[in-house]
Every structure is written in structure tokens, then in C-alpha cells.
Amino acid sequence: MIEELKEHGYDVSAGTLYPLLHSMEANGLLEKEEKTVEGKVRKYYKITALGNKVLEEARRKAYELFKEIKD
């Protein structure tokens, strides 16, 4: 995830990302599944229905802000 963010111009450390993910999970926006891959525990996050609802609202607000800045 950190590498993907870097490809889009965001320099985010694990110390920043993981607290965000834990907070989003605690608020019901994400679900976490842990899998053991090659002896290491990997965490996989999936958006919830509530997370999708919040994401759509955030997109709407970001678009409104963009329109205001553009005009």
C-alpha cells in the first residue's frame, strides 16, 4: 500500500499509515483479515458498506471543493 501511494506522489510511512488503518477499522470503515503467507502474518483490509458510504460522501465534498476553487 505504501508503494502504491508513492506511485501517486504520497510519501507515507508505516507509522502514519497503520494508525489510520486501525482507526478506520475501529470506526467500522474497514474489515481486516489476517493470513499467514510464507510464514509471515499479512493483513488484508477490505472496505465495508459504511466505508463505501463515507467514501462517496468524501468524494462529493471533494468535488464541491474542487468546483469552488476552479470557479
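The residue of segment 61-71 that is farthest from I2 (Cα to Cα), among those that are in a helix (DSSP H, G or I) and of a type in the set (D, E), is E68. From the list L55, L5, L20, L50, pick out the single residue that is surrounded by 10 or more Cβ atoms within 10 Å (Cβ to Cβ) and touching a Gly at 6+ places or on another chain (Cβ under 8 Å). Exactly one of L55, L5, L20, L50 is surrounded by 10 or more Cβ atoms within 10 Å (Cβ to Cβ) and touching a Gly at 6+ places or on another chain (Cβ under 8 Å), namely L50. For segment 24-37, the condition holds for at least one residue, the condition being that it is surrounded by fewer than 10 Cβ atoms within 10 Å (Cβ to Cβ), basic (K, R) and at negative phi. Taken over segment 1-22, residues that are under 17 Å from E34 (Cα atoms) and hydroxyl-bearing (S, T, Y) amount to 1. Looking for something within 15 Å of the chain's Cα centre (by Cα), in a helix (DSSP H, G or I) and hydroxyl-bearing (S, T, Y) - is there at least one such residue anywhere in segment 40-60? No; the residues of segment 40-60 include none that is within 15 Å of the chain's Cα centre (by Cα), in a helix (DSSP H, G or I) and hydroxyl-bearing (S, T, Y).
Scanning segment 8-33 for residues that are over 24 Å from K53 (Cβ atoms) and in a helix (DSSP H, G or I) yields a total of 3. Of the residues making up segment 13-39, those that are aliphatic (A, V, I, L, M) and within 12 Å of the chain's Cα centre (by Cα) number 6.
Every number in this text was worked out from the coordinates using simple rules, so none of it is lab data. The structure displayed is predicted, hence computed values, not measured ones. No Cβ is skipped: glycine too gets one built from the backbone with ideal geometry, and neighbour counts run over all protein chains shown.
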